[in-house]
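Structure first, then comments.
FYI, it's all coordinate maths here, none of it is from the lab. Computed from a predicted model, the values in this text were never measured in an experiment. For neighbour counting, all protein chains shown are included, and Cβ atoms are generated from backbone atoms with ideal geometry for every residue, glycine included.
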Amino acid sequence: MKEFDPTFNRIDGLVNIEMGDQFMRAFAILLQDIQRDEPFEADDVIDYLEIKMRSCALVEEQRKEL
């Protein structure tokens, strides 16, 4: 999915603004914490987090329901 594709726009319209802001602040803190120990590229950290989020128990459960 790319920014501005129809699915992105639909999800973006449904995201609670406050929760989205909290998520982005938490990501920024996590990124800075990781980079404090080793200067990983931000995209590498994002890729890592994508893998972790895909293995989240809720996501796994929803996949089984499909």
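Before moving on, here are some points about what is shown:
- FRET E, pair ARG63, MET1, Förster distance 25 Å, beta-carbon r, rounded to 0.05: 0.90
- Principal-axis tilt of helix 42-54 within the chain, Cα atoms, nearest 10 degrees: 40
- Extension gain, ARG36 to MET24: 0.36 nm times the residue separation minus the Cα-Cα distance gives 2.5 nm.
- Rounded if a/c under 1.5, otherwise prolate or oblate - region 6-65, Cα gyration tensor axes: oblate
- The GluC sites (Glu not before Pro) of the chain that DSSP puts in a loop, and whose beta carbon has at most 15 other beta carbons within 10 Å, are GLU3, GLU41.
- Among the trypsin sites (Lys or Arg not before Pro) in the chain, those placed in a DSSP loop whose Cβ has at most 14 other Cβ atoms within 10 Å are LYS2.
- Residue-averaged [θ]222 nm for the chain, counting only DSSP H segments that reach four residues, each worth -39500 (n - 2.57): -25000 deg cm²/dmol
- Helix axis angle, 17-37 relative to the chain longest principal axis, alpha carbon, degrees: 30
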